[in-house]
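Notes follow once the structure below has been shown.
Throughout, read-outs are computed from the coordinates displayed, never taken from laboratory work. Computed from a prediction, not measured in an experiment: that's the story for all the values here. Here the Cβ positions follow ideal geometry from the backbone for every residue, glycine too, while neighbour counts run over all protein chains shown.
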Number of protein chains: 2
Amino acid sequence: MKLDFDKFGGLVPAVIQDDKSGRVLMVGFMNEEAFQKTVETGYATFYSRTRNKLWMKGETSGHRLVVKEISTDCDQDTVLVRVEALGPGVCHEGYQSCFFRRLEDGAWIVSEERAYNPNQVYGSKS
Amino acid sequence: MKLDFDKFGGLVPAVIQDDKSGRVLMVGFMNEEAFQKTVETGYATFYSRTRNKLWMKGETSGHRLVVKEISTDCDQDTVLVRVEALGPGVCHEGYQSCFFRRLEDGAWIVSEERAYNPNQVYGSKS
């Protein structure tokens, strides 16, 4: 019983959920190699569509995602990965979760404080 | 500030999470029209890639997803929808969540009981 990587050009969406709080932290994409790496290393690894390469989350920041449990859905074309997130935040913009904007009256509102300063972790872009 | 529907051929992944339990129930895709319908009607509505049309979850089963909160991620190319799920289960195979298979020692194992009989809701395929 294998994952269906064909439906989406070799990729499956991977929902990353905090194992303790249940918060959805980010959604990335995995190709078959990234999925295998995730299983083998125990650290969530994705395929970057913009950079066309594998990336282990946390390879720059140290904020790795330690795999606790992996599930797949009825169509086997999506995975859900419960993780322990190392570090204060998963989002490269400094937030605990990438889902830090909430829809309110038709506008996307930042709905939480930053958990860390991204410039100190990833370096300033200036 | 708009969602980025261009990255994925007009679609964004939509993670559906139970508002009370925090359980991830399913992942679907929305095009801009499906997203607007979701916001306007208050019921999660998706775009079916196989049927090439909008579908409101629950239009057959009655198991609608009542929208409680919508978030988007840093890239604004994914949405997270917290819902109250009407009915015993979201998955058309009879489970509470579509993510009813867990990876164990390299195999996908069904890790929960069905919450309802799908043949009674969707009709038998025989």
- Show which aspartates and glutamates lie in cross-link reach of A:Lys57 when reach means a straight Cα distance below 13 angstrom and same-chain residues fewer than eight apart are skipped. A:Glu84
- Message: Please report, for A:Phe5, the nm distances (one decimal) from its label point, 7 Å out from Cα along the beta-carbon direction, to the equivalent points in the remaining copies, shortest first.
- Response: 3.0
- Task: Please provide three numbers in whole Å: the alpha-carbon extents of chain A along the principal axes, with the largest listed first.
- Result: 42, 35, 30
- What percentages, rounded to whole numbers, describe P(r) for the range B:83-126 computed over all alpha carbon pairs with 5 Å bin width beginning at zero? 5, 23, 23, 19, 16, 8, 4
- Message: Multiplying the sequence separation of B:Thr50 and B:Glu113 by 0.36 nm and subtracting their Cα-Cα distance, what value in nm do you get?
- Response: 19.9 nm
- Pick from B:Ala115, B:Ala44, B:Ala34: which residue has the top mean-square fluctuation in a GNM of chain B where Cα pairs under 10 Å get a spring? B:Ala115
- Considering only the label points, 7 Å along Cα→Cβ from Cα, what distances in nm to one decimal separate A:Val39 from the same position in each other copy, shortest first? 4.0
- Query: Using the 10 angstrom Cβ neighbour count as an exposure proxy, how do A:Ile70, B:Ile109 rank, fewest first?
  - Reply: B:Ile109, A:Ile70
- Task: Quickly estimate the mean residue ellipticity at 222 nm for chain A, helices only: each DSSP H run with n ≥ 4 gives -39500 (n - 2.57), and the total goes over all residues, rounded to 500.
- Result: -3000 deg cm²/dmol
- Message: Amide H of A:Met56 versus every other amide H placed in the peptide plane: which residues, excluding those fewer than 5 positions away on the same chain, fall under 5 Å?
- Response: A:Phe46
- Residue span B:Asp105 to B:Asp6: 0.36 nm per residue of separation minus Cα-Cα distance leaves a gain in nm of 31.9 nm
- Query: Given the Cα atoms of the protein assembly as shown, and with Rh set as the inverse mean 1/r over their pairs in the Kirkwood sense, what is Rg to Rh to two decimals?
  - Reply: 0.95
- Shortest first and in nm with one decimal, please list how far the B:Asn117 label point sits from its counterparts in the other copies (point 7 Å along Cα→Cβ). 6.3
- Task: Please compute the Cα-Cα pair-distance distribution of the range A:12-73 with 5 Å bins starting at 0, giving whole percents from short to long.
- Result: 4, 18, 31, 29, 14, 3, 0
